[in-house]
């Protein structure tokens, strides 16, 4: 009979797993790792899309500068009607003047014209300036991606902390409830007092608000993570890891950290800004140089009398010209603009030195936090083992009547606090590592 029941349970379990509802729940629930969440956020988050579009927008600025170096071709047409012809007077030699009408009633002019800069030093230098602007926006987009990676990782770690803490509270709640049930049965058999029953029941009730708050914390962490990933906030989400899973990699990752600032986004942005000011200074210096442009015109002209729609007589005319412009004096405008650009460029050197010092302090602080958390994890892990062993001893002592319920409850609370501290220390380590990764700019920001 026992084997038949066993086989029946297996069949029912298989049927339940194969049911549409079970399949829907499995298919609808997202089981994601931290890397999965990061990849989704980098692909779908609107902030990242805006940053990438900004790079595209700025790249068009270079095309605008290049367009100014190309020939500008235009077509024009003009018609004019003389309301009164111009009169000229010519001396007839006998002291009289002879009036002569000049021009015609209708005048037409149509044709093409083209202008092209031949020597344009400022425009040439502006092309390099546009390259720096594009690089600045690329770095800005990279900074947005680094920040997004940091936000997603921290949200994922917060969800892991909430889930692990919830499990610890559930285990403690079930233990308290189990003890309360024991006292209730003992009271019914007359081996425990009503006070013991009430006291154990109160312990259960005191844990229920913590459980509710833990569940709310889990939901808030899930919503934050789904929001960062740009996914519908009603989608069920479950991580594929726990905080304890990261502990195995913790020591190797700590030893392999490279604290170089080469990829720091703030430093790279400042270097690009310095390069931009240097290029802007060169552009400003080019304002002292002459410019040369060429132009070509090809026109058709016609003049007629009477009706504007008759008697067309077209003639052609074409010209080619060179135009040289040599700036001589503009009231000192160019000089003072150049001096401003020189001062701004020199300021960047001091700002960079100060930024490097500040970043080195931040890196040292984060490394200290990581090392402190590694030690704290080791200490808390040992504390959990001691608290668990003490709780086991107290349970056995309580069962044989050598310890009171308060002693047992104190050991359970100590175990609860040690486990929560253990998970909190792992979370603190992961957050410190993520912050250092953001500071160093070493995160993988490619959306695969």
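The values are calculated or read from the model by the stated rules, or taken from the named source; none is laboratory data. What you see is a predicted model; the values in this text were computed from it and never measured. Counting neighbours? That spans all protein chains shown, and the Cβs are built from the backbone with ideal geometry, glycine included.
Odds and ends about this structure:
- Residue 440 at pLDDT 90 or above and under 24 Å from the mean Cα position of the chain (by Cα): yes
- The lone exception for residue 308 - which of (1) surrounded by 12 or more Cβ atoms within 10 Å (Cβ to Cβ); (2) modelled with pLDDT of 85 or more; (3) farther than 19 Å from residue 125 by Cα it fails: (2)
- Single residue of 387, 446, 344 found to be surrounded by 12 or more Cβ atoms within 10 Å (Cβ to Cβ) and modelled with pLDDT under 90: 344
- Output for the range 227-270, where each listed residue is in a helix (DSSP H, G or I), in contact with a helix residue (DSSP H, G or I) (Cβ under 9 Å, 6 or more places away or on another chain) and farther than 27 Å from residue 45 by Cβ: 244, 247, 250, 251, 254
- For the range 126-167, a residue qualifies if it is under 18 Å from residue 384 (Cβ atoms), crowded, with 19+ Cβ neighbours inside 10 Å and out of contact with any strand residue (DSSP E or B) (no Cβ under 8 Å at 6 or more places or on another chain), and the qualifying residues are 161, 164, 165.
- Boolean, residue 276 is within 21 Å of residue 39 (Cβ to Cβ), out of contact with any strand residue (DSSP E or B) (no Cβ under 8 Å at 6 or more places or on another chain) and crowded, with 16+ Cβ neighbours inside 10 Å: no
Residue by residue, here is whether (1) at pLDDT below 85; (2) closer than 30 Å to residue 114 by Cβ holds:
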residue	(1), (2)
22	yes, no
43	no, no
51	yes, no
54	yes, no
64	yes, yes
71	no, yes
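- Residue selection: residue 302 satisfies the criterion of being at pLDDT 90 or above, surrounded by 11 or more Cβ atoms within 10 Å (Cβ to Cβ), farther than 19 Å from residue 73 by Cα and touching a strand residue (DSSP E or B) at 6+ places or on another chain (Cβ under 7 Å).
- Long-range neighbours under 6 Å by Cβ, at least six apart or interchain, first residue more than 17 Å from residue 169 (Cβ to Cβ) within the range 192-207, second surrounded by fewer than 17 Cβ atoms within 10 Å (Cβ to Cβ) and at pLDDT below 80: 192/186
- Condition met for residue 83 (closer than 30 Å to residue 123 by Cα and exposed (fewer than 10 other Cβ atoms within 10 Å of the Cβ)): no
- Scope the range 248-284; condition under 26 Å from residue 427 (Cα atoms) and modelled with pLDDT of 85 or more; matching residues: 259, 260, 261, 263, 264, 265
- Some residue of the range 315-327 being over 20 Å from residue 75 (Cα atoms), under 48 Å from the mean Cα position of the chain (by Cα) and in a loop (DSSP other than H, G, I, E, B): yes
- Residue among 84, 13, 27, 99 that alone is out of contact with any helix residue (DSSP H, G or I) (no Cβ under 9 Å at 6 or more places or on another chain), under 28 Å from residue 301 (Cβ atoms), at pLDDT below 85 and not in a strand (DSSP E or B): 84
- Taking first residues from the range 61-76 that are over 15 Å from residue 292 (Cα atoms) and partners that are in a helix (DSSP H, G or I), the Cβ contacts under 6 Å between residues at least 6 apart in sequence or on separate chains come to 61/130; 62/130; 65/126; 65/127; 65/130.
- Annotation note: of 365, 379, 349, 333, the sole residue that is at pLDDT below 85, surrounded by fewer than 18 Cβ atoms within 10 Å (Cβ to Cβ) and either within 32 Å of the chain's Cα centre (by Cα) or within 21 Å of residue 250 (Cβ to Cβ) (or both) is 349.
- Residue tally, condition modelled with pLDDT of 90 or more and touching a strand residue (DSSP E or B) at 6+ places or on another chain (Cβ under 7 Å), over the range 216-235: 3
- Selection status of residue 435, surrounded by fewer than 22 Cβ atoms within 10 Å (Cβ to Cβ), modelled with pLDDT of 90 or more, under 19 Å from residue 161 (Cα atoms) and under 19 Å from the mean Cα position of the chain (by Cα): yes
- Check on residue 203, outside any loop (DSSP other than H, G, I, E, B) and over 23 Å from residue 426 (Cβ atoms): yes
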